[in-house]
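A short write-up of the structure that comes next.
What follows draws every value from the coordinates through simple rules; no lab data is involved. All of these numbers come straight from a predicted model, not from anything done at the bench. Ideal geometry is used to build each Cβ from the backbone, glycine not excepted, and the neighbour counts take in all protein chains shown.
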Amino acid sequence: MNKNLVLAIASMGIFVEALDIAIVNLALPKIEADLGLTNDSGYKIQSIYILIYGSFLILGGKLSDYLGRKTIFMAGCGIFLFTSLGAGLSHSLNTLVLFRALQGLGAALLMPAAFSIVNYYFKEPHERGKAMGIFGSFAATGSAGGVSVGGIIANYWGWSWVFLINVPILLVILVIAYLYLEKDTKGDSKLPDIPAAIALVLGMLCLSKITEGSYLLVSLVILLASAFFLYSRLKNQPDPLLDLKVLILASLRKGTLLFFLLGALFTGYLFLMSFLVQQNFHFTAAQSGFLMMPFNIISMLLGRFGLPSLSLQFSPKKIAIGGAVAMLAGALSLVAAIQLHSLVFLLAGGACIAGIGMTLCYTGYTVIAMEYVPSEHLGVAASLINTAYFVGGGIGLPLISIFMPHASGELNSRPLWLLCIVAMLSIARLLYRKKAGS
């Protein structure tokens, strides 16, 4: 078995998944113009993808254990391939939103299966650490480069190609995975609690509807019923979807909340920035992509060279606070950019949020959340904080859309103040301490 080839398969899968979260952002104004949408409706294209992804992530990990990593990896890639094709060929908002929702389902299957593949084939600690470093770098590169690549593709090829470009890549991944990954063997894992998973998804979808302000009473009733049913299943099932024991840990609960806020803030930033650079500062999608590329470079340099030194000098909490403060400074800088129509403040805001804040927050929050988690619960805890991040993004975007101007045109600073509030909530949670510690 060629382990390098296996690592390449898993890494390319996670690269496409990470790329697709960010690649749509700079294409959104073009999608809205082509489909005749308004500023406050385009968020649905991103919100539904992130929300479904986050809601199904835990189930995807459970299915990978039950049905086999190869089976679920190929299923995720297959769903992602056909839904990318459908999204690229869509001619209405409803059709595009439907395919984006199904893309989120594909991503929720693909990501934990790819993670499982790397851990299965690379067992020796040093070998596994090196492999996970490479695997993680593909995910980071996809996320960081997606915004810039999306703007360039949308400008020169059209917005459809931010989806269609996935098709040939995933086709190659599927063929190689089928030929080279070992056949799954039946393990000891039990069938995941499907009713609990359905309750989780229903609850998250209803929560997003509440933040949109639509179907308020019906959504609230279904949300409460789903939450009660989910809690009952988690408490009484012998093999629950999520072990409630891990939620006893104060550090994990704190980290989960921080990741929820981080998802809302950073997803909102990417969404708003795509409109700011194109509608307020009148850059093309390609120019916007090149304009935002330095933020990715700052993030990669900070992660590669800065964080190792900072980790030796400061605690994870101080690193996290530094990241949250950078997020707040960046959001305030973007407000100033609108008020003063200043490109300098625009670039400073992007550098603070995407270049510095995200890198420090993600690292600090991860250590805070996972610090006291027992080894047997690490997988569940990792799924939980990632779910919190994506659900935060899926719920944050509808909230931001409430403050967006209805008509197409320049944005005002109101939605950016919401980012400031989220950043301040993150700082407050990091600084808050109970008498016995938290």
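Odds and ends about this structure:
- For region 216-282 versus region 50-77, the inter-centroid distance based on Cα atoms is 18 Å.
- Dipole magnitude for the chain: about 980 debye, using +1 per Lys or Arg Cβ and -1 per Asp or Glu Cβ, origin at the Cα centre.
- Gyration tensor verdict on region 1-114 (Cα atoms; rounded if a/c is under 1.5, prolate if a/b is larger than b/c, oblate otherwise): prolate
- Rough spin-label spacing in nm, given labels placed 7 Å along Cα→Cβ, for H91 and Y372: 5.9
- Measuring nothing but how far apart in sequence close Cα pairs (under 8 Å, 6+ apart) lie, relative to its length, region 243-438 scores a relative contact order of 41 percent.
- Ranked by the mean number of other Cβ atoms within 10 Å of their residues, highest first, the peptides 334-343, 253-262 fall in the order 253-262, 334-343.
- The label-point distance for K130 and L216, in a model that sets each label 7 Å from Cα toward Cβ, rounds to 5.9 nm.
- Applying the Karplus relation 6.51 cos²θ - 1.76 cosθ + 1.60 with θ = phi - 60° to region 283-296 yields 3J(HN,Hα) values of 8, 6, 4, 5, 4, 5, x, 5, 5, 8, 4, x, 4, 5 Hz, where x marks Gly and Pro.
- By the helix-only formula, in which each DSSP H run with n ≥ 4 contributes -39500 (n - 2.57) and the sum is divided by residues, the chain has a 222 nm mean residue ellipticity of -26000 deg cm²/dmol.
- Residue-wise HN-Hα coupling along region 339-356, computed from phi with Karplus coefficients 6.51, -1.76, 1.60 (Hz; x: Gly, Pro): 5, 9, 6, 10, 5, 4, 5, 4, 5, 5, x, x, 5, 5, 7, 7, x, 10
- Across the options L67, G88, N2, the greatest Cα extent toward the positive end of the charge dipole of region 1-96 (unit charges at beta carbon of Lys, Arg, Asp, Glu) belongs to N2.
- Our note on the geometry: Cα centres of region 343-369 and region 285-305, 12 Å apart.
- Shape category assigned to region 202-335 from the gyration tensor of Cα positions, a/c cut at 1.5: oblate
- In range of the label at I176: residues from region 74-105 whose backbone nitrogen is under 19 Å from the point 7 Å along Cα→Cβ: 74-82
- Förster radius 51 Å - calculated FRET efficiency between N412 and Y120, Cβ distance, rounded to 0.05: 0.50
- Whole-number percent relative contact order across the chain, with pairs defined as alpha carbons under 8 Å at least 6 apart: 24
- Estimated FRET transfer efficiency (D239, I198; beta-carbon r; R0 22 Å; 0.05): 0.85
- For the chain, the square roots of the Cα gyration tensor eigenvalues, ordered a ≥ b ≥ c, give a/c below 1.5, which places it in the rounded category.
- FRET efficiency, 1/(1 + (r/R0)^6) with R0 22 Å, evaluated for N4 and F305 via beta carbons: 0.25
- Put a dot 7 Å past the Cα of I421, heading toward its Cβ, do the same for L340, and the two dots end up 2.6 nm apart.
- Shown for L110, L207: other C-beta atoms within 10 Å of each C-beta, ranked fewest to most, produce the order L207, L110.
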